[in-house]
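Read the structure below first, then the notes.
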Amino acid sequence: MPHTKHALQLYFICVKTNSGYIVTGTFLTQNDSAMTISEALRVLQLLNSEWQPKSFMMDKSTAQANAVKDTFGSGIAIII
């Protein structure tokens, strides 16, 4: 089993469709900081200009919650 020297954080962006949830985006980060996650979310947002999520489901992570609020505003529902 291969191992890396560095811990990498893997994130999946999923959307609900009429047949369930599908992965529509992914990103890897070297750390779990709000700034790094925000940067990745902004890249995805630039690539999908009409993307206006209403909610996010995530782990209980202050960094992730802050990144979502920073990127999309405080009106986003966060489900833990």
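The values are calculated or read from the model by the stated rules, or taken from the named source; none is laboratory data. Since this is a predicted model, take the numbers as computed values, not measurements. No Cβ is skipped: glycine too gets one built from the backbone with ideal geometry, and neighbour counts run over all protein chains shown.
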Item checked: Those residues of region 1-42 which are in a strand (DSSP E or B), polar (S, T, N, Q) and under 14 Å from residue 67 (Cα atoms), in sequence order -> 29
Notebook entry, point to check: Does residue 32 satisfy the condition of being under 21 Å from residue 79 (Cα atoms) and buried (at least 16 other Cβ atoms within 10 Å of the Cβ)?
Noted result: yes
Check: Out of curiosity, is residue 13 β-branched (Val, Ile, Thr), modelled with pLDDT under 90 and either surrounded by 11 or more Cβ atoms within 10 Å (Cβ to Cβ) or out of contact with any helix residue (DSSP H, G or I) (no Cβ under 6 Å at 6 or more places or on another chain) (or both)?
Finding: no
Check: Which pairs do you get when a residue that is under 11 Å from residue 41 (Cα atoms), found in region 61-74, comes within reach of a residue that is in a helix (DSSP H, G or I) and among the aromatic types (Phe, Trp, Tyr), reach meaning Cβ atoms under 7 angstrom, with the pair 6+ apart or on two chains?
Finding: none
Check: Can you tell me which residues in region 1-29 are among the hydrophobic types (A, V, I, L, M, F, W, C), closer than 21 Å to residue 79 by Cβ and in contact (Cβ under 8 Å) with a residue 12 or more places away in the chain?
Finding: 10, 12, 13, 27
Margin query: From the list 13, 22, 37, exactly one residue is of a type in the set (A, V, I, L, M, F, W, C) and over 11 Å from the mean Cα position of the chain (by Cα). Which is it?
Written below: 22
Notebook entry, point to check: If you go through region 62-71 one residue at a time, do you hit one that is in contact with a helix residue (DSSP H, G or I) (Cβ under 9 Å, 6 or more places away or on another chain) and loosely packed, with under 15 Cβ neighbours inside 10 Å?
Noted result: yes
Notebook entry, point to check: Is it true that some residue in region 46-55 is within 11 Å of the chain's Cα centre (by Cα) and either in a helix (DSSP H, G or I) or hydrophobic (A, V, I, L, M, F, W, C) (or both)?
Noted result: no
